[in-house]
Amino acid sequence: LSAGYYTRRGAKGEGEFRYMLGQSSRGQLNAFYIHDGTFVESYQNRWAWTYNHNLVLPGKLEQKLNWLDASDRDYVRHFSGDIPGRGEYGLMSEGSLSRTGRVVSAWVNANRIRNNLTSKLVGFDPNTVQLLPGFTIVTTDQTFSDDVPLHWGISTQFSRFWRVAPSFDPIYPDGWANGIDFFLPGS
């Protein structure tokens, strides 16, 4: 744990927690909080965290989680050393569950992107496209025969992309009120 003070921004606290459950099972959480006196008045309680987790389960299953988040769009720009993402379009988080085998491997995953290019200062941008879930099955490459240097393998993937906002971006021609959403084919 650590504490500091910025002369203009105010008091800031940081914490790091690490654990190791086995040779390949481990995690780390880094968390940051500041009551920022220079930020927008109603959003002065600012925070960020990064959490990395890897857990090996019975049956050759492996669970991974990499979660990166912040209280507002500008946190990584104002505090660039706290969490990665400065200059990036968004903060990418991913969780997965996988099983690796000699012949067939499979995994399911989900991604979450916190948009840094939005006009919204705080909150989640409903227009950002997310992946939930993704599912992949692959085979190890096999040879046709020992005499022929050709290999084959099978890979299949299912991805479901979604967003909270409607499935189209509303367009407002001159003279139309911004409260009316409609779809223009080809636009």
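The values are calculated or read from the model by the stated rules, or taken from the named source; none is laboratory data. Here the structure is a predicted model, which means the values were calculated and not measured. Here Cβ is always computed from backbone atoms with ideal geometry, including for glycine, and neighbour counts include all displayed protein chains. The accessibility values were calculated without ligands, DNA or RNA, using every heavy atom of the protein model including side chains. Shrake-Rupley method; radii C 1.70, N 1.55, O 1.52, S 1.80 Å.
For this structure, a couple of remarks:
- Neighbourhood net charge (14 Å Cβ-Cβ; Lys/Arg +1, Asp/Glu -1) for F79: +1
- Considering only S167, S80, S93, the mean-square fluctuation computed in a Gaussian network model of the chain, springs between alpha carbons under 10 angstrom, is largest for S167.
- Counting charges near Y33 (Lys, Arg +1; Asp, Glu -1) among other residues having Cβ under 9 Å from its Cβ returns a value of +1.
- Solution diffusion estimate, µm²/s, Stokes-Einstein, the range 8-56, Kirkwood Rh from C-alpha pairs, 37 °C, viscosity 0.692 mPa s: 262
- Sparse packing (at most 15 other Cβ atoms within 10 Å of the Cβ) combined with a DSSP loop state is found for the following trypsin sites (Lys or Arg not before Pro) in the range 73-122: R86, R102, K120.
- When peptides 142-153, 46-57 are ranked by their average number of other Cβ atoms within 10 Å per residue, the highest-first order is 46-57, 142-153.
- Spatially, the range 63-108 and the range 12-49 are offset by 15 Å when compared through their Cα centroids.
- Charge context of G13, other residues only, Cβ under 14 angstrom, K/R +1, D/E -1: -1
- Overall, the accessible surface of the chain at a probe of 1.4 angstrom is composed of carbon and sulfur to the extent of 57 percent.
- Percent of C-alpha pairs per 5 Å bin, the chain, short to long: 1, 6, 11, 12, 13, 13, 12, 10, 8, 6, 4, 2, 1, 1, 0
- Residues in the range 1-157 average 64 Å² of solvent-accessible surface per residue, probe 1.4 Å, ligands and nucleic acids excluded.
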